[in-house]
Structure formats: structure tokens, C-alpha cells
Amino acid sequence: MDTYFVAIVEDDATEAANLISYFQKYGEESQAKFEIRSFTSGEDFLSHYQPVYDLVLMDIGLPGLNGMDTATRLRETDKKVTLIFVTNMTQYAVHGYEVDAADYILKPVSYPRFAIKLKRAMGKMEGNRDNELVLNLPEGLFRIPSSQIHYIEISSHDLCYHTTLGDFKTYGSLKQVEKNLSSRQFVRCNSCYLVNLAYVRGIRDNQVQVGNILLQMSRPKRKEFLQALNDYLGGNIL
């Protein structure tokens, strides 16, 4: 069962509770799981924001910083998260394109209308997920585009993601990461390294140059790795 991370930004407790119950009902019907966190103001939402959410439901008529301004600041941090406005202020909802909103739902929200909008948004959420990983770091969850991962190494059960943004350490299985990154772009050069072929700069004997780093290529993985690299480059190395 897939798990989706959702933020609800709504100052009306009754409205927020209704939305949560709708997510639970939709999850039961569609075999999906939703991890939901609620915020009562735009300021609170932004001050605690981490780029781990698949979906944000935003009320426009928030006290203090309104939903449209909150969404504008959100996009400065996270340009990919799927955003839906929940509002009775239709005159503002039509400006959602300015912050790349996927849709808007009019209050009072009925379940049938909610389900239609959420089903539509799920397609965009899935598209985003195809290109991202969520890392469970000591300081919290962190979402990173797979295109920014240079290579991943494992020592025992400790994983280290070497990325454009720096190195991130977490706990897990390289086999599971390889499954999550089920793409011909990520290939093992030995049992310890999973390499993004986009960052391979060359092959030196039994070493792979990834950026400025040389990684050991094992004999059992050599043929498979070179074939994958050749396919990735369009048949230009073999």
C-alpha cells in the first residue's frame, strides 16, 4: 500500500476534520495510505515546512498570511509539490495558475467532489514520485530528486547518498533503494555502490569515475555495468 504525505492548511477545525475523514475514506476505497499533518496558519505551515509532502491542501482565507501569499512563498522552497486550494473565495482561486495550483475545491466540501479532485491530483503526485526519493534522516524527512543523486554507497546497513546538495546518511537496504530507483539510469558497479550513469565521466581499468570520485568496479558487475552505460550513451562506448 502506497503512503502519501499530505499537509492541510486550514484554520477551521471542523473543515480540517472533514478533510481528514475524506482522506481516510478515499484511502479505504483506493488502497492508499495518507499521512496527514494539519496547520492552522500559513505562518505555522511555512515555519515547519520540509519538502516531503506529496500534496498540500490550502485554504485561501487564512488569518494573517492568506493562502495565496502562503502558496507563493511555498513555491520559493518547493516547486514540485502538488497544491490544491480549498476555498469559498472563487475570485481568488482562479489565480491559482500563478502558483502552479493543480486544482481548487469549493466549500462546503462534499465527499464526491473531494474524491474527483483527489483522483485527478493523484496522477500528478505519481509523476512527481517517479523522479524523487524521500529520505528518513535524523533531522526529519527530506525529499530529493533522483536526478541530483550522483551515487549511493552502503556499509553494513548504513546508506550514504552522495548528491549535488551534499551527502545524506540514513539506514536501509541498497537492494530496496535499487528497486525504488527502478531505472536503467541507476546501476551497480559493485555490491557497495549504486551509480547514476548521468554522472559517469569515464572508466579507468576497474574503476568508474563519477564526477571527481573513483569507485571500484567489481569483476562480476563489470560486464553488466559497461553494457548499461553503453545503452545509456546510445551505443557509443562498445
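The values are calculated or read from the model by the stated rules, or taken from the named source; none is laboratory data. All values reported here derive from a predicted model rather than from experimental measurement. Glycine gets a Cβ as well: all are built from the backbone with ideal geometry, and neighbour counts include every protein chain shown.
Taking the range 178-222 only, how many residues are at positive phi and touching a residue at least 12 places away in the same chain (Cβ under 8 Å)?
Of the residues in that region, 1 qualify.
Just one of VAL187, VAL195, VAL208 is more than 30 Å from GLN50 (Cα to Cα), modelled with pLDDT of 90 or more and surrounded by 14 or more Cβ atoms within 10 Å (Cβ to Cβ); which is it?
VAL208
Which is hydrophobic (A, V, I, L, M, F, W, C), within 21 Å of THR77 (Cα to Cα) and modelled with pLDDT under 95, of LEU133, LEU106? Full working, then the answer.
Details: LEU106 fails: within 21 Å of THR77 (Cα to Cα).
Only one candidate passes the filter, namely LEU133.
So, THR14, is that one hydroxyl-bearing (Ser, Thr, Tyr), within 19 Å of the chain's Cα centre (by Cα) and farther than 20 Å from ASP103 by Cβ or not? Break it down stepwise before answering.
Numbers: hydroxyl-bearing (Ser, Thr, Tyr): yes; within 19 Å of the chain's Cα centre (by Cα): no; farther than 20 Å from ASP103 by Cβ: yes.
Here the answer is no, as THR14 does not meet what is asked.
Would you tally the residues in the range 106-125 being in a helix (DSSP H, G or I), surrounded by fewer than 17 Cβ atoms within 10 Å (Cβ to Cβ) and aliphatic (A, V, I, L, M)?
So the answer is 2.
Which residues, counting only those in the range 26-65, are out of contact with any Asp or Glu (no Cβ under 9 Å at 6 or more places or on another chain) and farther than 21 Å from LYS124 by Cβ?
GLU28, GLU43, ASP44, LEU46, SER47, HIS48
Of the conditions (1) farther than 19 Å from LYS25 by Cα; (2) modelled with pLDDT of 90 or more; (3) more than 19 Å from the chain's Cα centre (by Cα); (4) not acidic (Asp, Glu), TYR111 satisfies every one except a single condition; which number is it?
So the condition that TYR111 fails would be (1).
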